[in-house]
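Please find one structure pasted underneath; my questions will follow.
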Amino acid sequence: MSEGIRVADADEIEEGEALTVDAETAGTADDIAVFHSDNGNFYALNDTCTHEEASLADGWIEGDEVECPIHSARFCMRTGEALCLPALVNTRAHRVEVRDGEVWLYPNQAPQDA
């Protein structure tokens, strides 16, 4: 089990914004987008939309959903589920924790509330 990757201080990612952790650092096949939702929670998904090549970190965040900036496919940030067309394939959700004011990413571990 991974010890996790310290991504940032929690206050460094504004609500409604995201940052990416590159695949080499995460040890994953895709970059990982770490989102700070407007509901105050942090989530992490594979960064590339499953419909076409677009960065979900550049998408629009509302509640626990992110909308792809290219064709408006939406994904549940808690589970990675594709919620509408044109995306037909779910993306991968990763565990994120905030502890002592720092955001920690656990690549390839399922979120605890998924």
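What's the total number of residues in region 69-87 that are within 16 Å of A44 (Cβ to Cβ) and of a type outside the set (S, T, Y)?
Filtering region 69-87 for residues within 16 Å of A44 (Cβ to Cβ) gives 75-81.
Checking the rest, the ones that are also of a type outside the set (S, T, Y) come to 75-78, 80-81.
Of the residues in that region, 6 qualify.
Is it true that some residue in region 45-65 is small (G, A, S), surrounded by 15 or more Cβ atoms within 10 Å (Cβ to Cβ) and within 22 Å of G4 (Cβ to Cβ)?
Yes, there is a match, as at least one residue in region 45-65 is small (G, A, S), surrounded by 15 or more Cβ atoms within 10 Å (Cβ to Cβ) and within 22 Å of G4 (Cβ to Cβ).
Follow-up. In the list A10, A73, A54, A33, which residue meets the criterion of being of a type outside the set (K, R), under 19 Å from Q109 (Cα atoms) and at pLDDT 95 or above? Walk me through it before giving the result.
Values: A10 fails: under 19 Å from Q109 (Cα atoms); A73 fails: under 19 Å from Q109 (Cα atoms); A54 fails: under 19 Å from Q109 (Cα atoms).
Among A10, A73, A54, A33, only A33 is of a type outside the set (K, R), under 19 Å from Q109 (Cα atoms) and at pLDDT 95 or above.
Sticking with this structure for a sec: Does V96 count as at pLDDT 95 or above, open to solvent by 20 Å² or more (accessible area, probe 1.4 Å) and of a type in the set (V, I, T)?
Working: at pLDDT 95 or above: yes; open to solvent by 20 Å² or more (accessible area, probe 1.4 Å): yes; of a type in the set (V, I, T): yes.
So V96 passes the test.
Could you tell me how many of the residues in region 8-39 are more than 11 Å from the chain's Cα centre (by Cα) and surrounded by fewer than 19 Cβ atoms within 10 Å (Cβ to Cβ)?
Of all residues in region 8-39, those more than 11 Å from the chain's Cα centre (by Cα) come to 8-16, 22-30, 38-39.
The next check asks that each one be surrounded by fewer than 19 Cβ atoms within 10 Å (Cβ to Cβ); those that pass are 8-16, 22-25, 27-30, 38-39.
Total meeting the criteria: 19.
Just to be sure, is P86 closer than 19 Å to V7 by Cβ and either surrounded by fewer than 19 Cβ atoms within 10 Å (Cβ to Cβ) or under 12 Å from the mean Cα position of the chain (by Cα) (or both)?
Details: closer than 19 Å to V7 by Cβ: no; either surrounded by fewer than 19 Cβ atoms within 10 Å (Cβ to Cβ) or under 12 Å from the mean Cα position of the chain (by Cα) (or both): yes.
The answer is no for P86.
Something else about it: Looking at region 1-107, what strands (runs of 3 or more DSSP E) fall wholly within it and have at least 2 residues that are among the aromatic types (F, W, Y) and in contact (Cβ under 8 Å) with a residue 24 or more places away in the chain? Lay out the reasoning, then the answer.
Details: elements: 5-9, 17-21, 32-36, 42-46, 60-62, 65-67, 74-76, 93-99, 102-106.
In region 1-107, 42-46, 102-106 are the strands (runs of 3 or more DSSP E) which contain 2 or more residues that are among the aromatic types (F, W, Y) and in contact (Cβ under 8 Å) with a residue 24 or more places away in the chain.
Go through (1) under 18 Å from R6 (Cα atoms); (2) open to solvent by 30 Å² or more (accessible area, probe 1.4 Å); (3) modelled with pLDDT under 95 and name the single condition F42 misses.
Unmet for F42, out of (1) under 18 Å from R6 (Cα atoms); (2) open to solvent by 30 Å² or more (accessible area, probe 1.4 Å); (3) modelled with pLDDT under 95: (3).
The values are calculated or read from the model by the stated rules, or taken from the named source; none is laboratory data. As the structure is a computational prediction, the values presented were derived from the model and not from experiment. Positions of Cβ are generated from backbone atoms using ideal geometry, with glycine treated the same way; all protein chains shown enter the neighbour counts. What goes into the accessible areas is simple: the full protein's heavy atoms, side chains included, and nothing from ligands, DNA or RNA. Shrake-Rupley method; radii C 1.70, N 1.55, O 1.52, S 1.80 Å.
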